[in-house]
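The values are calculated or read from the model by the stated rules, or taken from the named source; none is laboratory data. Bear in mind that the values here come from a model prediction, so they are computed numbers and not experimental data. Don't worry about glycine lacking a Cβ; one is built from the backbone with ideal geometry, like all the others, and counts go over all protein chains shown.
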């Protein structure tokens with residue numbers, strides 16, 4: 001019972017602090033990247049997510065995924081991909 005009380009006493013991060021924390025994480029990472037607006041291909045995203053190429057193409061078709069289509073080529077910027085990935089993981 002004491003363990004439960006101790007767990008309940010831990011501070012919970014509110015929504016505003018969580019958003020600020022997300023921003024700090026993103027800004028910290030982007031400061032280390034040479035060009036945050038580099039584009040990633042479907043193949044690169046599939047490797048990063050450890051999914052098949054067909055699943056990656058399906059991902060690029062989803063409304064919530066920040067893909068860009070130039071002609072027939074589908075890409076996503078590194079910044080928008082990282083933000084999307086963070087939101088999906090719930091960080």
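Within segment 62-72, the set of residues being assigned to a strand (DSSP E or B) and either in contact with a helix residue (DSSP H, G or I) (Cβ under 9 Å, 6 or more places away or on another chain) or surrounded by 14 or more Cβ atoms within 10 Å (Cβ to Cβ) (or both) comprises 68, 69. Here segment 31-61 is the region considered, the condition is being assigned to a loop (DSSP other than H, G, I, E, B) and at pLDDT 95 or above, and the residue that is farthest from residue 80 (Cα to Cα) is 52.
Per the conditions (1) under 24 Å from residue 22 (Cβ atoms); (2) out of contact with any strand residue (DSSP E or B) (no Cβ under 8 Å at 6 or more places or on another chain); (3) part of a helix (DSSP H, G or I), the sole criterion not satisfied by residue 81 is (2).
With respect to the conditions (1) free of Cβ contacts under 8 Å to residues at least 12 places away in the same chain; (2) surrounded by 13 or more Cβ atoms within 10 Å (Cβ to Cβ); (3) under 25 Å from residue 20 (Cα atoms), residue 88 falls short on a single one, namely (2).
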